[in-house]
1. Under a 5 Å amide H to amide H cut-off, with H placed in plane at 1.01 Å, what residues pair with Y328 once short-range neighbours are removed?
2. Quickly rank 79-85, 165-171 as a protection proxy: mean count of other C-beta atoms within 10 Å, highest first.
3. At a threshold of 8 angstrom on Cα-Cα distance, excluding pairs fewer than six apart, so keeping six or more, what relative contact order does the stretch 263-338 reach in percent?
4. Among F126, N104, N141, whose Cα sits farthest toward the positive end of the charge dipole of the stretch 57-184 (+1 at Cβ of Lys/Arg, -1 at Cβ of Asp/Glu, about the Cα centre)?
5. Compute the separation of the alpha-carbon centres of the stretch 93-130 and the stretch 278-344 and state it in Å as a whole number.
6. Taking the Cα-to-Cβ direction at K109 and at R72 and moving 7 Å from each Cα, how far apart do the two end points lie in nm?
7. In the stretch 105-236, carbon and sulfur make up what percent of the accessible area (probe 1.4 Å)?
8. Show me 270-277, 190-197 ranked by packing, highest mean number of other Cβ atoms within 10 Å first.
Amino acid sequence: MKLLPPRRAGRRFVLGATVLLWQLSATAQAVEPISLGLALAGAAASALTGIISYPKLYCYFAHCCLHKPDARSGTVLQEGLDDQLFGQHLAKKVIVKSLTGFLNNPNPKKPLTLSLHGWTGTGKNFASRIIVESLYEGGLNSKFVHQFVSTLHFPHQQNISQYKDQLQMWIRGNVSSCPRSVFIFDEMDKMHAGLIDSIKPFLDYYEELDGVSYRKAIFIFLSNAGAEKITEVALDFWRRGKRREDLSLRDLDLTMSVFNNKNSGFWHSSLIDKHLIDYFVPFLPLEYKHVKNCIRVELESRNYEVDEDIVTQVADEMTYFPKEERIYSDKGCKTVCTKLDFYL
């Protein structure tokens, strides 16, 4: 397999500095030779001071909180989802519309709360990563993006009270620093209901809480709750000969499915019955063709040419359900990376 050459890095900073120096030298041509150095130094200092004092330009040189979203955020989000998320027409539509609408609203009444549901490997983590990459340089590594995994960060039930205090302090402190902070909670179905409810005040329709407004923050929940309902409806569609793309949100009553799941932390939580989750986003089980798309993208991300023989071999190694029809991958695209390692 042929390894492609790495892409060249951008030179925005160098270009900007070159333009700035060219502009300064042009204004200095009429200055007497003896005072040219002083003029250049003074002009450079003034120009740089102006740049640093102007927030939008300053953010080209420093990692800034997204006080005002860039006009391209929605476009970048759409392109990222189209290029990297497969078989999820419903999720794409809800995510793009909800996020762009929220970002374009100068005075939202509450934080945006998205709850992503589906089996492992269907793209929930992938979608959340694409969302934050459209907002902040560095994506998940941005200091304005905060990710929690229930079984990792809140493992001991006897420490729930301590976790509540720590989590509330963390959210309060980071939103105080950046109103457009993003909080991602993975494995919400495994999170203690009391801990889920400790987040509730930050999601509600409050103008402020203790002097802090949370209305511009974004909360993203990832959960397997409701996956059975999603798969049941998708499989029924397939068996009736209907196109996957014709499946609509009306065909999926995720709210009740998640609420009635007694194995989910949501069942004991008041987030759903208080209508604090803005959108329940369904992730459909992935078919064979979607798995092949995942393999192609993974090859390209490693700078390899796409070898269709390898794509087919890896896809054929995956296991599918139901046993007779073998329609959906039981792990989605979750194990693509490790299976591909064998061939590379």
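1. Excluding prolines and chain starts, which carry no amide H, the hits are F321.
2. Per-residue Cβ counts within 10 Å, averaged per peptide and sorted highest first, yield 79-85, 165-171.
3. Numbers: 56 pairs, mean separation 25.4, N = 76.
It rounds to 33 percent for the stretch 263-338.
4. The residue sitting most towards the positive pole is N104.
5. 24 Å
6. 3.4 nm
7. Heavy-atom surface of the stretch 105-236 belonging to carbon and sulfur, 1.4 Å probe: 48 percent.
8. On the way: 270-277: 15.6, 190-197: 19.0.
Ranking the peptides 270-277, 190-197 by packing returns 190-197, 270-277.
The values are calculated or read from the model by the stated rules, or taken from the named source; none is laboratory data. None of these values were measured; they are calculated from a predicted model. Counting neighbours? That spans all protein chains shown, and the Cβs are built from the backbone with ideal geometry, glycine included. To get the accessible areas, we keep the full protein, side chains included, count just its heavy atoms, and leave off ligands, DNA and RNA. Shrake-Rupley method; radii C 1.70, N 1.55, O 1.52, S 1.80 Å.
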